[in-house]
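Participant: One structure coming up, written as structure tokens, with questions to follow.
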Amino acid sequence: MPQIFTFTVSDPEGMHARPAGRLVAKAQEYESSITVAYGGKSVDAKRIFGVMGLDVQQGDEVTVRVQGQRWEACRCCRVRAIPQGAPVMRTIQGVSVSAGIAIGTVRVLAAVDYAVERRLIDDPQAEMDRFRAARDTAVAQLKQLRDNVAAEFGENKAELFDAHRLMLQDPDYAECVEGLIAQDKVNAEFAVKSAAEQFAAMFAAMDSSTMQARAADVKDVSRRVMNVLQGKRDSTAQDGSVQGDAVQNGIVQNGIAQNGESHIIFAEDLAPSDTAQLDRAKVLGLVTAKGSANSHTAILARTMGLPAITGIGDAFDPADDGHVAVIDGTSGAVFVDPDEATLTEYRRRKAEAEEHLSLLRKLKGKPTETKSGQRVHLYANISRPSDAAAVLANDAEGIGLFRSEFLYLEREDWPTEEFQFDAYGQVAQEMGDRPVIIRTLDIGADKQVDYFNLSHEDNPALGYRAIRICLTRPEIFKIQLRALLRASAYGNIAIMLPMITSVQEVRDAKRILEEAKSELRGERIDFNESIQIGVMIETPASVIMADELAAEVDFFSIGTNDLTQYTLACDRQNPSLERFADPHSPAVLRMIQMTIEAAHRHGIWCGICGELGADLSLTDTFLRLGIDELSVSPTSVLPLRNVIRNH
């Protein structure tokens, strides 16, 4: 896909010979097809007469189109073709791993060279003793780091460094290092680096993205041992303030940025131990060329409340050091040298976020309970594993709706059991003891996936979708159920069935679930034998059959979006029906009331996970009806808690 880049020429004499020459010379270094367009005319950026012939003057906006070698040509245009005036905004798209907005000056963390010389040694035993002493020192450092993290962020967040210590103390790791020393008669530094590469390659080759991310952990702990062997200073002071490799790169020193300012850190990559030791007061956000949402660095960034973006790849440019940037940790967008409109917009968003944070501080940890003592469980809805961070940041009590179909919608082929297990398990672990209710795939209607090969339907909202696909294609359904069951061993997962209209559908789904359980037992794979199962109430049929359904399941969750369209016979995808599709209709509210009453008659709880749950004008109504749970978008949690607590 071509990259399109625009800039306004600020040189008083326009794109004359010298700036045009710099642009052309730089463009000729790349194999990319690069064109420059102005005034309806497009020319080859590698031909100086063509570029000069555009007759571009100061203030004119020029468009550069690049095909191939992504970003590089655009970057050369920004750096070399505009010799004077204000810099031009560059937009980079990365992967969001920690939400939030940061605005500030970039400080580039240069990559540390871990080149290790291979030396032949005469005394393997002495070299093994060197390794063991260095390993013991590194283990002690990790113990100190673990205690620092536990004191600041809690015991559960410090467990990572317990795992790091176990890696260093693992007999397989020690045997690999010492075997290389004994057999090849090489120095300990080289043996440690070689062992790290072997174990990292093993993890990188695994199917699970979570396990692939562990390659960085092996390299991190091995680097620590190499530092000790090479006599480098201890990167973990007693107060946890010394910043590891950040010290070596002049980013921060003893917990204080050297110029007293806070910065957005740009780096090729960051090790988990480096991230844990960052001075939160002096670091505004993180942007890395490498990394993933599953990495421990990403998890630590979320724990620390730092906006973070990974995966910007070749867009990482050391020349950005000292430039102003905006990072949007929610969308994954990075703006280097933002224009005034972008700055103004993100300052507004940041102010709103800070106001929201102020509300969070007041309400965090407070029960969602009315003044009369009526308790409501307040959960959040998510679509992707990365959304779990926002659930925790907004202090939701759990996840009331994990829309698992997005794992299918965002792929071009079937998600494997391992892929799904990885996603569900990641969320379960991140949420700890808090409930995670995962809706089985709800494909069809407005959510179409090419590789499902679904036939065209004149009225897909009433057609082949959700549980109907699962029950008629059980091979797809069972893969998801196996993944859900396996993930249930790592957290408080519950399964929710969508688009239910009859008791038989629930019984058929439970039969396939039992088959999946039986298979896992035979394979000796752990799962929660008592995993809860619930249904979404989103059709009039399920409301009418609510008493019978309640006898089959552990909970109800009312999907008000579909319940509204099916009750009022209004396609919610048809904008011309908007005036008729009133979710406040007495008919819809009566359906909700009937469902809650049926649930309570049979001793199960009932919640709402549709858009109406966040409608503050209906909160009083839902409380009077006796709703047990409301699941809303993460950003709606605190305003809703505020209303309930003041009721």
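The values are calculated or read from the model by the stated rules, or taken from the named source; none is laboratory data. The model shown is predicted, which means the values in this text are computed figures rather than measured ones. Using ideal geometry, Cβ is built from the backbone for each residue, glycine included, and neighbour counts are taken over all protein chains shown. Calculation scope for accessible area: heavy atoms of the full protein, side chains included, ligands and nucleic acids excluded. Shrake-Rupley method; radii C 1.70, N 1.55, O 1.52, S 1.80 Å.
Participant: Go through segment 299-310 residue by residue and tally those that are buried (at least 19 other Cβ atoms within 10 Å of the Cβ) and either more than 16 Å from Q426 (Cβ to Cβ) or among the aliphatic types (A, V, I, L, M) (or both).
Facilitator: Qualifying residue count for the region: 8.
Participant: Let me ask something additional. Quick check: anything in segment 376-388 of a type outside the set (D, E, K, R), closer than 25 Å to C570 by Cα and at pLDDT below 80?
Facilitator: No.
Participant: Further question: May I ask you to say which residue of Y424, Y464, Y408 is crowded, with 24+ Cβ neighbours inside 10 Å and of a type in the set (F, W, Y)?
Facilitator: After applying the criteria, what remains is Y424.
Participant: Related question: Of all residues being surrounded by fewer than 22 Cβ atoms within 10 Å (Cβ to Cβ) and of a type outside the set (A, V, I, L, M) in segment 526-538, which is farthest from L563 (Cα to Cα)? Just the residue, please.
Facilitator: Top of the filtered list is D526.
Participant: Continuing with this model, one more query. Please go through (1) small (G, A, S); (2) under 22 Å from G400 (Cα atoms); (3) open to solvent by less than 40 Å² (accessible area, probe 1.4 Å) for G603 and return the number of the only condition it doesn't satisfy.
Facilitator: (3)
Participant: Just to be sure before I move on: is V334 outside any strand (DSSP E or B), of a type in the set (V, I, T), at pLDDT 90 or above and buried (at least 21 other Cβ atoms within 10 Å of the Cβ) in the structure I sent?
Facilitator: Answer is no for this residue.
Participant: So which residues in segment 337-358 are of a type in the set (D, E), within 23 Å of A390 (Cα to Cα) and open to solvent by less than 80 Å² (accessible area, probe 1.4 Å), if there are any at all?
Facilitator: Result: E345, single match.
Participant: Listed residues Q480, Q448; which is of a type in the set (S, T, N, Q) and surrounded by fewer than 16 Cβ atoms within 10 Å (Cβ to Cβ)?
Facilitator: Q448
Participant: Among I34, I82, which is modelled with pLDDT of 70 or more, surrounded by 14 or more Cβ atoms within 10 Å (Cβ to Cβ) and β-branched (V, I, T)?
Facilitator: Selected residue: I34, the only one of I34, I82 that is modelled with pLDDT of 70 or more, surrounded by 14 or more Cβ atoms within 10 Å (Cβ to Cβ) and β-branched (V, I, T).
Participant: Continuing with the same structure: How many of the residues in segment 364-398 are out of contact with any Asp or Glu (no Cβ under 9 Å at 6 or more places or on another chain), in a strand (DSSP E or B) and open to solvent by 50 Å² or more (accessible area, probe 1.4 Å)?
Facilitator: 1
Participant: Which one is surrounded by the most Cβ atoms within 10 Å (Cβ to Cβ) among residues in segment 194-226 that are free of Cβ contacts under 8 Å to residues at least 24 places away in the same chain and polar (S, T, N, Q)?
Facilitator: Within segment 194-226, the match that is surrounded by the most Cβ atoms within 10 Å (Cβ to Cβ) is S194.
Participant: Is there any pair linking a residue in segment 386-400 that is touching a residue at least 24 places away in the same chain (Cβ under 8 Å) to one that is in a helix (DSSP H, G or I) and of a type in the set (D, E), with Cβ under 8 Å and at least six apart or on different chains, and which?
Facilitator: Qualifying pairs under 8 Å: A388/E430; A389/E430; L392/E430.
Participant: Quick one: which residue in A551, A494, A546, A509 is open to solvent by 70 Å² or more (accessible area, probe 1.4 Å), within 29 Å of Q593 (Cβ to Cβ), at pLDDT 95 or above and aliphatic (A, V, I, L, M)?
Facilitator: Exactly one of A551, A494, A546, A509 is open to solvent by 70 Å² or more (accessible area, probe 1.4 Å), within 29 Å of Q593 (Cβ to Cβ), at pLDDT 95 or above and aliphatic (A, V, I, L, M), namely A551.
Participant: Also, quick follow-up: Hey, among the residues in segment 39-48 that are touching a residue at least 12 places away in the same chain (Cβ under 8 Å) and in contact with a Ser or Thr (Cβ under 7 Å, 6 or more places away or on another chain), which one's nearest to V66 (Cα to Cα)?
Facilitator: Only one residue tops the list, namely A45.
Participant: Considering (1) of a type in the set (K, R); (2) part of a helix (DSSP H, G or I); (3) at pLDDT below 90, say which one R280 fails and leave the rest.
Facilitator: It is condition (2) that R280 fails.
Participant: Within segment 37-52, count every residue that is over 43 Å from the mean Cα position of the chain (by Cα) and surrounded by 14 or more Cβ atoms within 10 Å (Cβ to Cβ).
Facilitator: Matching residues across segment 37-52 total 4.
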